Amino acid sequence: MQALMCLLSFSAGLYAQGVEPVRAKHGMVVAQEPLAADIGVSVLKSGGNAVDAADAVGFALAVTHPVAGNLGGGGFMLARLADGTSVFLDFREAAAQKASRDMYIAPDGNPTRDSVFGWRSAGVPGSVAGLVEAHKKFESKPWKELLAPAIKLAREGLTVSTPLAASLQTAGPLKQDSESRRVFLRDGNPYKAGDVFSQPELAETLQRISDYGAADFYQGKTAKLLAEQMSSHGGLITVDDLKSYKVVERTPLSGTYKDFQIITGPPPSAGGLGLLQMLGMLDGTDYAKHGANSLEAIHYEAEAMRRFYADRSEYLADPDFFNVPVKELLSPKYIEWRRNTIDPAHATPSDAIFPGLPKALNASARAMHESPQTTHYNVVDEKGNAVAVTYTLNNSYGNGITVPGLGFLLNDEMDDFVAKPGAPNMFGLVGGDANAIEPGKRPLSSMTPTIITKGGKLFMVVGAPGGSRITTGVMQVVLDVLDFSMNPQAAVDLPRFHEQWKPDFLYLESGFPKSVEAGLQQMGYALRPVDGVARVEAIVIKNGTLEGGTQSRYHGKVAGY
Ligand code: DON
């Protein structure tokens, strides 16, 4: 095996030769749509802090990047301020009061598609409340200034780019809804690159948010219209649901990996816990010695992924409804026990891996038996404040429904709950009771906004969209930078892989050498091709210079000054 591994080892250089990041001295925004990234930088240049810029980018993306930028979805903001404090704002969607555990089970006992399509798939949106809350806490610029660029783009229109035209033309869910067809598809005369795309209803909604803040969206005209439309289409969200929606400020999770301090998202995201657990399993192996994406590195990373996703299925959920054993899942003893179950030469079949915690309590006796759409953006300002935001409608264009009169799309985040124990959701994730639907509860997420420091100084800001692959994608880019010394552009460009326990496949992006694929198959992995494992975006601070990486094959932009 050792010989095989040596033979098939590849250094990072083989994959990413001479890729240089965009560099900047003062401030940087990395986002998945260029107009929004530029808006963020102009906020920074005019004296706004990183949170101001993050708010402006969040609203701008709702106009320029409708596939994922949103008012009708939810997400997470992780901020680490220059004084060393960090804050996590949970503005994830919540299940409506009328939601119930079996609401997506058909009479034949099987899950319906209603968690993905139709008005009942939407959770109570949190994005507007989240961005408002961030501004309340870290206010530096006047609120209206942060919304003005988004309002202008919605009202006067933006010039459709080639990627936006392509995205709209291929957006299946938009075709199913008459209002979406009108707003986004011009009733069968789809936008082409160079056309001007204006969104007057969205501009009015944004204007009310600018004038009245969260009060409009959750109690005012927007709330009333949204609730009326919900009720006339059989949706569940009421004025009371909107009124009682709250942003939850949570303590970020943190842990160390080698010389680095990792600050990341707590539940209801599984992402941060997964990142820390997987890094913990890898630390203490010499997985890195053959280089990034070597057979050995892929094997150890994939086995760490498999073990975490087994735990995810059982122990991760909204902590306000389920007692998530965070401490236990991150305890060094437990992680060591999990690590010791990795066979250096073979893939462990997922059927031989279970959610592990109770076993760890009796580890010595039992160890042998264990055999496209969200968006992420990063901002760093001149003072060293850093913000990582991942927010989402879940699917591309959410459930595809535009609320008449309001101009924004609704999420289908309810699909992130477990509709039925053991039945896979749209990302193939399975789970149990912990993540069952309950009124007011937030569905389990994979979003992994993360900030890393070294010696007390800001080192990296990172995150991604990508459904269940977010956590593994973020981890790989973190390892590429921390362990394989890559710059962030080279790191995000490197081919990635993904393993999520069930189904028992190792998903590979294109670009891995055939010999590595053959080596993995020989070790027992069932390989499956995958389009992309998370569109990771990263900023790294090196000797006082900001370096940014965005996926060049997509439409992102590193904007800095
Ligand atoms: O919160 C989550 O984990 C999912 N709703 C994220 C969805 C996603 O990233 C889809 N896009 N690529």
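For the range 382-398: of the residues being open to solvent by 10 Å² or more (accessible area, probe 1.4 Å) and not small (Gly, Ala, Ser), which is nearest to the ligand (Cβ to nearest atom)?
395
Of everything in the range 268-283 that's within 15 Å of residue 311 (Cα to Cα) and open to solvent by 10 Å² or more (accessible area, probe 1.4 Å), which residue is farthest from the ligand (Cβ to nearest atom)?
280
I need the strands (runs of 3 or more DSSP E) fully contained in the range 496-561, keeping only those with at least 2 residues that are buried (at least 20 other Cβ atoms within 10 Å of the Cβ) and not basic (Lys, Arg).
Fully inside the range 496-561 and qualifying: 506-508, 537-542, 545-549, 557-560.
Under the condition of being outside the structural domain of residue 350 (by TED's automatic domain parsing) and open to solvent by 20 Å² or more (accessible area, probe 1.4 Å), which residue from the range 433-484 is nearest to residue 307 (Cα to Cα)?
Within the range 433-484, the match that is nearest to residue 307 (Cα to Cα) is 433.
If you take the residues in the range 341-377 that are within 16 Å of the ligand (Cβ to nearest atom) and modelled with pLDDT of 95 or more, which one is surrounded by the fewest Cβ atoms within 10 Å (Cβ to Cβ)?
My answer is 375.
May I ask you to verify whether residue 473 is over 22 Å from residue 87 (Cβ atoms) and within 16 Å of the ligand (Cβ to nearest atom)?
yes
Being among the β-branched types (Val, Ile, Thr) and outside any helix (DSSP H, G or I) narrows it down to one residue among 342, 298; which is it?
After applying the criteria, what remains is 342.
For residues that are within 26 Å of residue 265 (Cβ to Cβ) and in contact with a Ser or Thr (Cβ under 7 Å, 6 or more places away or on another chain), tally how many sit in the range 277-291.
0
The values are calculated or read from the model by the stated rules, or taken from the named source; none is laboratory data. Given the structure is predicted, the values throughout are model-derived calculations rather than measurements. Ideal geometry is used to build each Cβ from the backbone, glycine not excepted, and the neighbour counts take in all protein chains shown. For accessibility, only protein heavy atoms count, side chains too; no ligands or nucleic acids. Shrake-Rupley method; radii C 1.70, N 1.55, O 1.52, S 1.80 Å.
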